[in-house]
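All remarks here apply to the structure that follows.
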Amino acid sequence: MEERRLGIVVSGSLTRGVEVRLDSAISVEDIAVGRYVTIEGEKRRFFGMITDVTLDASDPGLMTTPPDVSDPFIVEVLCGTSIFGRLHVLPSLTLGSDAMSLLEGPQPVKTVPTHFSVVRESSEEDVARVFGQVEEKQFYIGTPLDMETKVRLNPEELVKRSSGVFGKSGTGKTFLARLILIGIIQEGAAVNLVFDMHSEYGWEGTSEDNRKVKALKQLFPSKVAVFALDEESARRRKVSTDFIVEIGYGEIEPEDITMLRETLGLTEAAVQATYRLARRFGERKWLESFLAIEGREELGELAQSLGEHEATIAALHRRLDSLKRLRFLVPQARDNTIQRILEYLDRGMNVVLEFGRYTDYTAYILVANLLTRRIHAQYRERMEQAMGEDITKPRPLVITIEEAHRFLSQELAGQTIFGTIAREMRKYNVTLLVIDQRPSGIDEEVMSQIGTKITCLLDNERDIDSVLTGVSGKSELKAVLAKLDSKQQALIFGHAVPMPVVVRTREYGSPQSYKELGFREALELKKQAEDEAKDLWG
Amino acid sequence: MGRIDSPPKIGEVIEASTSEFTAQCYELHQPPPFGSLVKTREGDVEIYGVVLRAATTSIEPGRRPIARGRDEEEEEGIYRASPQLEKLLRTDFTALVVGHNAGRGGVETENDEKLHHYLPPRPARIHSFVYLCDLKESARFSQSLDFLSILVGAGGQADELIAASLRYAAAAHQEPRDFLTRAGREVAVLLGGETNRLTTILRRIKW
Ligand SMILES: Nc1ncnc2c1ncn2[C@@H]1O[C@H](COP(=O)(O)OP(=O)(O)OP(=O)(O)O)[C@@H](O)[C@H]1O
Ligand SMILES: [Mg+2]
């Protein structure tokens, strides 16, 4: 079946995209930016996205003295002739139809279609050819606007570089990220470590209408472990936890305090003092020793011996003392959390670390940093070993963080482990999945290293700019991005997709959606086990 | 000549160029309507024209009739009282050539392959008969609207002529409104930015 004809190409350029004059039978109101069109050039077909819709007139006079629009006949004649719609289309790929090009698949565009090439709505087949046919067990992220074809987001490709989920509050970032994590787990592309600030990835999350939605452990009980920082909260929420995290004072290094500078309100001098304290008391002893000091006089003496201002030391003491309210921080941890996490990851288990009631940035930044630094160091060591000695490399690891700009701001990106991971790409088999509602707060260089960007609606100009930095067709995509629905729609571009795509994110939260993602009810699992046993034993 | 289904002849060419021909009507005061489609021939070529102007004048150039009806009750009485008047007056009309049908020979055919909406190679011959096209032929000729580009350039009365010819052709079509919409769009394209002319025409053909 021929798809609906929209119009013909009338001008354009490779860098800016092409202008399409709409046929008179097509109303601009039936068009939406973000939709796909196929342009039938002379030699090949072009595949592109509508990025703008314009009203135009052959005679500017019509705009100043409009004709008698009360007469339907006059309107009908003028529409499509003297006044007409124009589309701006950004062609991204070419589709050949001969055997050779079918084999090669879609190619990046290197030219534009000839004048007056016919433009049609893309067929489901064309879309499937571009984004790949999604097989039974393969992961897809959603469907293009007004289409049924599934858009595959290849987890294998995705985890090769860091990726980002952006969008203003309430647009569906968490739902998207959860889906992406499911995809990675489902296809075994990597193991995940999720720093779950609001406890919505491990056991269950909530939807807008306050319904509970299943999270990773419920879907993949044998592949996901929940680590909890807040045992009480986990118990209250009936989460089946695998490990209760405790962090000993000894684990906290001056670097960790540097990261907390903003949230704790420390001066630069106070931050520097922690390094002196570490030298004085020892790397693993400094915090415990420092917090053990109580009297003003004693603090004064310490300040003097370190050559610091008394006030600086006193303020630092007060601020660090406030960390005591974080119950998971203990002088001596019963178990080594980092070792446990690594063990799980090595077994191919995904770890979600829930923060429970500790939803403040201090706890989040402290823990995420501290654990990531150690885990990364281990990965690095093992990767270097693997390169030298021909032993197996550790599994690719994806670390998920929310509120990424808190870790990756311009001031911090140079110093933190997250900045390092983002920049070194997957040298040590570790990449990030960052989730953020304020991407402009993230360091530019880090943004440019993010391979795949999945962005929901953003309305702040600076955020939009930062997400689109370095993308070809930026101004066109900008228009598309600004016009996304406020929920469950996302623009995806970069490494893991062949061309920018606007998707309606697949629905998540219904029994059907769980089923499609491989979830089996207990009963079903039991039956499966019985069937397998029967097969085995006859 | 004298083909069976030829429409009745209405006049005879008395002046011709490749782009126009003028004919004298056989019946005084009975020219074909302004904007209607007429045809004549040159050898095997049928030449189509759209009636551009018609006039009734004295047969002697320079001499004008004088008013005669002071004592008559009705206008027809004047002609009854002076039957020679009919001989002293003539009705002529001029058609703008808009197309031709080449080499149909004597055979009437349904297929329009040879119908061209541009000027013929030679003007009509003097004394060729002129026929008023019937609805069917008019509809067939206006299937293609290419002739409009000739009308657009017809000078002072072009807009009136376009409107009249489209009204006339519309009546011959099954779906006059669809025809007029299609034609209106064609005119819109031909006139480009001349929106005032366009809306003037549209107001004259609106259905
Ligand atoms: N794919 C989806 N399927 C079903 N519902 C969805 C989907 N995406 C978003 N929603 C709805 O939109 C709501 C907001 O989504 P979500 O919590 O993911 O937003 P967010 O961007 O993470 O917000 P915040 O910035 O507050 O964290 C959800 O509670 C849910 O009701
Ligand atoms: Mg969220």
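No lab work stands behind these numbers, since they all come straight from the coordinates. Worth saying up front: this structure is predicted, and the values here are computed from it rather than measured. Cβ coordinates were reconstructed from backbone atoms using ideal geometry, including for glycine residues, and neighbour counts include every protein chain displayed.
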**Request:** Enumerate the amide H contacts of A:Asp52 below 5 Å, restricted to partners 5 or more residues apart or on another chain; note that Pro and chain-start residues carry no placed amide H.
**Result:** A:His88
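Report, as an integer, the average count of C-beta atoms from other chains found within 10 Å of each Cβ along A:48-61. The partial results should precede the final answer.
On the way: counts 0, 0, 0, 0, 0, 0, 0, 0, 0, 2, 8, 8, 2, 4.
Partner Cβ neighbours, averaged per residue: 2.
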**Message:** Charges at C-beta only: +1 for Lys and Arg, -1 for Asp and Glu. How large is the resulting dipole of the protein assembly as shown about its Cα centre, in Debye rounded to 20?
**Reply:** 900 debye
**Item:** GluC sites (Glu not before Pro) restricted to the stretch A:95-137 and DSSP loop, no more than 11 other C-beta within 10 Å
**Value:** A:Glu135, A:Glu136
**Item:** Anchor A:Lys474: lysines whose Cα lies under 23 Å away (excluding residues fewer than 8 positions away in-chain)
**Value:** A:Lys110, A:Lys168, A:Lys173, A:Lys453, A:Lys483, A:Lys487
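As a test of the formula, what do you get for chain A when each DSSP H run with n ≥ 4 contributes -39,500 (n - 2.57) and the sum is divided by the residue count, at 222 nm and rounded to the nearest 500 deg cm²/dmol?
Details: 24 runs with 207 residues, N = 538.
Rounded to the nearest 500, it is -10500 deg cm²/dmol.
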**Asked** Which angle from 0 to 90°, rounded to the nearest 10, does the C-alpha axis of helix B:176-191 make with the longest principal axis of chain B?
**Response** 80 degrees
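On average, how many beta carbons from a partner chain sit within 10 Å of the beta carbon of a residue in A:71-83? Can you show the working numbers first?
Values: counts 5, 3, 9, 6, 1, 7, 15, 7, 2, 3, 10, 10, 2.
Mean shielding count: 6.
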**Complete:** Under the Karplus relation with 6.51, -1.76 and 1.60 and θ = phi - 60°, whole-Hz ³J(HN,Hα) for the stretch A:354-371, x at Gly and Pro, equal 8, 9, x, 6, 7, 8, 8, 5, 4, 4, 4, 5, 4, 5, 4, 5, 4, 5
**Complete:** The residues A:Lys212, A:Lys137, B:Lys9, A:Lys217, sorted from fewest to most surrounding Cβ atoms within 10 Å, come out as A:Lys137, A:Lys212, B:Lys9, A:Lys217
**Request:** Among the lysines, select those whose C-alpha is under 17 Å from the C-alpha of B:Lys136, and discard any that sit fewer than 8 residues away in the same chain.
**Result:** B:Lys9, B:Lys39, B:Lys114
**Request:** Would you grab the residues whose amide H sits under 5 Å from the one on A:Val224? Only those 5+ places off in sequence or on another chain, please, with H modelled 1.01 Å from N.
**Result:** A:Asn350
**Item:** HN-Hα J in Hz across the stretch A:182-193 - Karplus 6.51, -1.76, 1.60, θ = phi - 60°, x for Gly and Pro
**Value:** 4, x, 5, 5, 4, 9, x, 6, 6, 9, 10, 10
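Kindly provide the trypsin sites (Lys or Arg not before Pro) of the stretch A:9-85 that DSSP labels as loop, not H, G, I, E or B, and whose Cβ sees at most 11 other Cβ atoms within 10 Å. Can you show the working numbers first?
Numbers: sites: A:Arg16, A:Arg21, A:Arg35, A:Lys43, A:Arg44, A:Arg45; in loops: A:Arg16, A:Arg35, A:Lys43, A:Arg44.
Filter output for the stretch A:9-85: A:Lys43.
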**Asked** What aspartates and glutamates could a cross-link reach from A:Lys427, if we take a straight Cα to Cα line under 19 Å and drop same-chain neighbours fewer than 8 places away?
**Response** A:Glu156, A:Glu157, A:Asp346, A:Glu381, A:Glu384, A:Glu389, A:Asp390, A:Glu445
**Asked** Which whole-Hz couplings ³J(HN,Hα) result when phi for each residue of the stretch A:229-234 is put into the Karplus expression 6.51 cos²θ - 1.76 cosθ + 1.60, θ = phi - 60°, listed in order with x for Gly and Pro?
**Response** 8, 10, 4, 4, 4, 4
**Prompt:** Sorted by mean Cβ packing within 10 Å, highest first, what order do the peptides A:238-244, A:83-89, A:443-449 take?
**Reply:** A:83-89, A:443-449, A:238-244
**Complete:** For B:Ile10, the residues 5 or more places away or on another chain with a placed amide H closer than 5 Å to its own amide H are B:Val130, B:Tyr131, B:Leu132
